[in-house]
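**Student:** Can you read through this structure? Questions will come right after.
The values are calculated or read from the model by the stated rules, or taken from the named source; none is laboratory data. Fair warning: this is a prediction, and the values are worked out from it, not measured in the lab. Positions of Cβ are backbone-derived with ideal geometry, glycine not excepted, and every protein chain shown enters the neighbour counts.
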């Protein structure tokens, strides 16, 4: 389509009991571009505490789920794999399962943390005990260690269990050979708690022989044995965690989808106008989708809703310029691939001409002219196929570039056939070109278009540069025509008739081009040429005054004669300089085509010279040819693409993109999560 899709503004009044299902449907349908309603925010019911409470509950449940997934190291994976298509609002069973799962994971996490801390305490205890083991100091001096506190004595198994349970990871109880004989160890900071609990459990200290030095080997062995037991228990806990991770991944993905959907629904509800019993959803819908939308919503709610629709010119905010109608474009695969070029500059205004089809053709044409090579173009074509929907999955992130790559690849291949280049080789196509041109014209030539400067080809080269200027004139003219039609559509008649990019500017440009063509063809100028140039220039200069007179606006010179004269004089100068620069700028198309031919000639000549060397010459020649072509494809390909985009933005878009619109971005769950 040459214009954006027609849009309708809709207001959907839905009961509170149905609003969740309606929002879920709209998120899947992805058809409603949400808009702020006409009512002020102070009319929103602030007493709807039930909705606020539910939003907080959903938020807590989602945080709980994210915490579980984070502990199992699955959060980033399930977040990246979110699917709005597979999601549904969480059921009571989902909520109960989440609670039980949370309890189970908390228990596992607590066990892991406790066991990890116990292992750390044991390792530090063993380290300090070993450091003291070989010292010739009395055992009684152990109490002076900087970290460790040791108590040796008798404690029955029930007391051991009670002390271990009370102190947790603050101390360790190490049984010795005799089941009732133990060594209790804690940090210096925890010695008071240790002594208190030991006293409660009827701990009987054992006296150490006077002058006994070092740490008993029995104690060290007990510490080591206890450490190994704790490590085995931790390994068992981690294995259980790993098993849970594998089992719960699909379950967590489903729960994340459902609770994320519920969170998005609640966030949207919190921004809507509502009362205790109803909600209002308003926004823009393509006119072609409105009928099916109404039918499906009526069926979904059993008719418990009200829908009103308006044309854009029936909406006060649009008429007052307070709101822009979102722009939805409808293109085939080829043109759709170039939408990114347009929208990176700005969306067209609703109701104006969609420039995307022109951009697709211009981009393809200019790239082919500047990057003509049959082999290199074929590589771009293959890259386009590889990044397509049916191409290599590893390249799916580049899918948006598939269509442009295929298009410019084919264009480059066609230009390569004309200038006779295949991977920078100028000899491969000579024979078939001579056969074809001989059969068609009776005069065989080595190549149809010779870009390399040669004695007998300079005339053709100048003709080629003239052709690129002609392409520039055509592209500028298309931009002018688009602008004139757009301004008439928007009822900006002054800009459509009297501006430098309106009808007056277009006539000035076209007549100046016709004069230049007559001079090039050897024909002389006549007196009428001055009149023909002066008339549109006068309309540009006097345009604002003429329009105000025609529309009966007073005063005719709004800001006085001096301001009017200065503005008109500057406008004339800007018009002339703009058209000259916009036209001459297209010489870069020929210049880059020539530079491509020269660079290809250098690569071909260098590889041929190296290939003639003895021994490794052929191999090195092939290597130079491959490496040289890679540089041309990657580096020059990027430069040419940038130049094509620059020509479109500054020479083409500047004619009619005086104001940008807003793109049609319907509410959908997938995009809400990505944002």
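**Student:** Here are the criteria: (1) over 29 Å from residue 273 (Cβ atoms); (2) modelled with pLDDT of 80 or more. Tell me which single one residue 61 does not satisfy.
**Tutor:** Condition (1) is where residue 61 drops out.
**Student:** Going through 601, 667 one at a time, which residue ends up being closer than 30 Å to residue 29 by Cα and either crowded, with 16+ Cβ neighbours inside 10 Å or touching a residue at least 12 places away in the same chain (Cβ under 8 Å) (or both)?
**Tutor:** 667
**Student:** Any residue in the range 71-82 that is farther than 11 Å from residue 252 by Cα, in contact (Cβ under 8 Å) with a residue 24 or more places away in the chain, part of a helix (DSSP H, G or I) and touching a helix residue (DSSP H, G or I) at 6+ places or on another chain (Cβ under 7 Å)?
**Tutor:** Checking the range 71-82: at least one residue is farther than 11 Å from residue 252 by Cα, in contact (Cβ under 8 Å) with a residue 24 or more places away in the chain, part of a helix (DSSP H, G or I) and touching a helix residue (DSSP H, G or I) at 6+ places or on another chain (Cβ under 7 Å).
**Student:** What is the one condition in (1) over 42 Å from the mean Cα position of the chain (by Cα); (2) more than 24 Å from residue 589 (Cβ to Cβ) that residue 445 does not satisfy?
**Tutor:** Failing condition for residue 445: (2).
**Student:** Which residue out of 580, 603 is within 25 Å of residue 473 (Cα to Cα) and either in a helix (DSSP H, G or I) or in contact with a strand residue (DSSP E or B) (Cβ under 8 Å, 6 or more places away or on another chain) (or both)?
**Tutor:** 580
**Student:** Does the range 273-280 contain at least one residue that is in the same structural domain as residue 19 (by TED's automatic domain parsing), without any contact (Cβ under 8 Å) to a residue 40 or more places away in the chain and in contact with a helix residue (DSSP H, G or I) (Cβ under 8 Å, 6 or more places away or on another chain)?
**Tutor:** No, every residue in the range 273-280 fails to be in the same structural domain as residue 19 (by TED's automatic domain parsing), without any contact (Cβ under 8 Å) to a residue 40 or more places away in the chain and in contact with a helix residue (DSSP H, G or I) (Cβ under 8 Å, 6 or more places away or on another chain).
**Student:** Further, regarding this structure: Check 504, 532 and return the single one that is surrounded by 15 or more Cβ atoms within 10 Å (Cβ to Cβ), outside the structural domain of residue 313 (by TED's automatic domain parsing), touching a residue at least 24 places away in the same chain (Cβ under 8 Å) and over 22 Å from residue 649 (Cβ atoms).
**Tutor:** After applying the criteria, what remains is 504.
**Student:** Ok, one more. Do we have residue 525 as in a loop (DSSP other than H, G, I, E, B) and either surrounded by fewer than 15 Cβ atoms within 10 Å (Cβ to Cβ) or touching a strand residue (DSSP E or B) at 6+ places or on another chain (Cβ under 8 Å) (or both) here?
**Tutor:** yes
**Student:** Kindly indicate whether residue 129 is modelled with pLDDT of 70 or more and under 17 Å from residue 186 (Cβ atoms).
**Tutor:** no
**Student:** Which of the helices (runs of 4 or more DSSP H) found entirely inside the range 329-447 contain at least 1 residues meeting this: modelled with pLDDT of 90 or more and closer than 30 Å to residue 9 by Cα?
**Tutor:** Helices (runs of 4 or more DSSP H) meeting the threshold: 333-336, 339-343, 356-370.
Conditions tested, residue by residue: (1) under 34 Å from the mean Cα position of the chain (by Cα); (2) crowded, with 17+ Cβ neighbours inside 10 Å.
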residue: 387; (1), (2): yes, yes
residue: 399; (1), (2): yes, no
residue: 402; (1), (2): yes, yes
residue: 408; (1), (2): yes, yes
residue: 416; (1), (2): no, yes
residue: 422; (1), (2): no, yes
residue: 428; (1), (2): no, no
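**Student:** Okay, moving on. If I filter the range 278-301 for residues that are over 30 Å from residue 388 (Cα atoms) and in a loop (DSSP other than H, G, I, E, B), do I get at least one hit?
**Tutor:** no
**Student:** Select from the range 323-345 the residues that are out of contact with any helix residue (DSSP H, G or I) (no Cβ under 8 Å at 6 or more places or on another chain) and in contact (Cβ under 8 Å) with a residue 60 or more places away in the chain and write down the one among them that is farthest from residue 401 (Cα to Cα).
**Tutor:** 326
**Student:** I want to confirm something. Restricting to the range 325-363 and keeping residues that are touching a strand residue (DSSP E or B) at 6+ places or on another chain (Cβ under 9 Å) and surrounded by fewer than 17 Cβ atoms within 10 Å (Cβ to Cβ), which single residue is farthest from residue 293 (Cα to Cα)?
**Tutor:** Looking at the filtered set, the residue picked out is 346.
**Student:** Moving on. On the given criteria, is residue 572 closer than 25 Å to residue 510 by Cβ, surrounded by fewer than 18 Cβ atoms within 10 Å (Cβ to Cβ) and in contact with a helix residue (DSSP H, G or I) (Cβ under 7 Å, 6 or more places away or on another chain)?
**Tutor:** Against the criterion (closer than 25 Å to residue 510 by Cβ, surrounded by fewer than 18 Cβ atoms within 10 Å (Cβ to Cβ) and in contact with a helix residue (DSSP H, G or I) (Cβ under 7 Å, 6 or more places away or on another chain)), residue 572 qualifies.
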